[in-house]
1. Give region 79-115 a look and list any residue that's assigned to a loop (DSSP other than H, G, I, E, B), under 19 Å from the mean Cα position of the chain (by Cα) and surrounded by fewer than 22 Cβ atoms within 10 Å (Cβ to Cβ), or say none.
2. Test Val24 against the criterion of being of a type in the set (Val, Ile, Thr), more than 20 Å from the chain's Cα centre (by Cα) and open to solvent by 10 Å² or more (accessible area, probe 1.4 Å), and give yes or no.
3. Going through region 124-181 one residue at a time, which ones are acidic (Asp, Glu) and either buried (at least 16 other Cβ atoms within 10 Å of the Cβ) or under 22 Å from Phe103 (Cα atoms) (or both)?
4. Which of the residues that make up region 5-45 are within 19 Å of Arg120 (Cα to Cα), of a type outside the set (D, E, K, R) and not in a helix (DSSP H, G or I)?
5. Can you tell me which residue within region 223-256, out of those that are in a loop (DSSP other than H, G, I, E, B) and free of Cβ contacts under 8 Å to residues at least 40 places away in the same chain, is surrounded by the most Cβ atoms within 10 Å (Cβ to Cβ)?
6. Looking at region 68-82, I want the residues that are touching a residue at least 12 places away in the same chain (Cβ under 8 Å) and have a partner that is acidic (Asp, Glu) with Cβ atoms under 7 Å, at least 6 apart or on another chain. Which pairs are those?
7. From the list Ile66, Ile6, which one is touching a strand residue (DSSP E or B) at 6+ places or on another chain (Cβ under 8 Å) and either among the β-branched types (Val, Ile, Thr) or open to solvent by 10 Å² or more (accessible area, probe 1.4 Å) (or both)?
8. Identify the single condition in (1) open to solvent by less than 20 Å² (accessible area, probe 1.4 Å); (2) of a type in the set (A, V, I, L, M); (3) over 25 Å from Gln4 (Cα atoms); (4) not in a strand (DSSP E or B) that Val48 does not satisfy, given that it satisfies every other one.
Amino acid sequence: RRAQTIEELAEAYARLPLMIGSLVDSGALAQNLCHVTTSVSDTIGKRVIDLALEQLGPAPARFAFIALGSEARQEQTLATDQDNALIYEDLPEASASDAAQYFVRFGELVCDGLDRIGYRHCKGGLMAKNPRWNQPLRQWEAYFAEWMAEPDAQALTHFNVFFDHRCIYGDRSLVDEWWQQIIKILDARPAFLTHMALNTLQYKPPIGLFGRIVTGSAGEAPNTFSIKEAMHPIVDYARLHALRHQIEKANTFRRLDRLFELGILQEDSYHAISQAYGYLMQMRYRHQVERIKAGLAPDNSIDPQSLTEIEVGMLKLTFSQISAVQKKVSYAFRGTG
């Protein structure tokens, strides 16, 4: 918060792996690891935005800078890039062009600053520096109306990313208004959730015949599997129900908590799914910390040969829970088990 330059923020961020490593070694819960990582990420993001506003001068309109994906869900790890966007209020035509130029320049300063600190640019360009994702409220509403009217693979990908959103700076009322429009469109197109469910069911847990862990899938190295990909079905399950039941919480753990409170998840299933997700998240953090200690870049590729027999057994049990989650999705959104 006291940092006056991007370089000072980069120095602060460089200390995060050591802090997370200490927490991992002490057996911290996955939720606590995520909380620390998110707190650092949010505080750095807010300070970068403050520095950009100091450089450019006051914004010409109300705006909201939103985090997307894992950062929005407060589930960011040490192997991450940035996913963000910017919404600003609708303006009269006479001032719209100047405002658009300001906000794109603002997005460039923020995203480039985050990249210099260590939150790398999104390879897919899903950032507020991209004019496509830096738009007034009416354009954001038009995006969602278009995606939900023609739910092809690209539209579903966009929707999954943008539905997990969280305002980290600015006027939250813009985000709330946007959310209400999404709910109205969704209410008018209930079949859209079925299309989303089909996407969720395409993933197959990396476990083969006789309980052997399958490696080399999802573009990973021949002897590894992607733990990030393995977690997606639980994230998707919680998101689907959050949409159906208008749960505004973005965090997967909190979504599961709410589903249990609403009676959608029975107690046994709730505990099994939450524990499976927490176990995968802890393993993911531990793997990334170990790579950083070894002088390597953190990633999400796990080699089963590096795990103990107990860890492999827990992993297999966790994958069985993922299969159970997918059956729940199929039953709830497609009417089949």
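The values are calculated or read from the model by the stated rules, or taken from the named source; none is laboratory data. Not measured: the values here are computed from a predicted model. As a convention, Cβ positions derive from the backbone with ideal geometry for all residues, glycine included, and neighbour counts pool all protein chains shown. When the accessible area is computed, the model is the full protein with side chains, heavy atoms only, and any ligands, DNA or RNA have been set aside. Shrake-Rupley method; radii C 1.70, N 1.55, O 1.52, S 1.80 Å.
1. Initial filter on region 79-115 (assigned to a loop (DSSP other than H, G, I, E, B)): 79-80, 82-83, 89-92.
Next, from what is left, pick out any that are under 19 Å from the mean Cα position of the chain (by Cα): 79-80, 82-83.
Listed by number, the residues that qualify are Ala79, Thr80.
2. Numbers: of a type in the set (Val, Ile, Thr): yes; more than 20 Å from the chain's Cα centre (by Cα): yes; open to solvent by 10 Å² or more (accessible area, probe 1.4 Å): yes.
Here the answer is yes, as Val24 does meet what is asked.
3. Glu141, Asp164, Asp171, Asp176, Glu177
4. Thr5, Ala14
5. Just the residues of region 223-256 that are in a loop (DSSP other than H, G, I, E, B), to begin with: 223-224, 245-251.
If we keep only those that are free of Cβ contacts under 8 Å to residues at least 40 places away in the same chain too, we end up with 245, 247, 249.
Details: His245: 12, Ile247: 19, Lys249: 16.
Here the residue is Ile247.
6. Leu68/Asp83; Leu68/Asp164; Gly69/Asp83; Gly69/Asp164; Glu71/Asp83; Ala72/Asp164; Arg73/Asp164; Ala79/Asp299
7. So the residue among Ile66, Ile6 that is touching a strand residue (DSSP E or B) at 6+ places or on another chain (Cβ under 8 Å) and either among the β-branched types (Val, Ile, Thr) or open to solvent by 10 Å² or more (accessible area, probe 1.4 Å) (or both) is Ile66.
8. (3)
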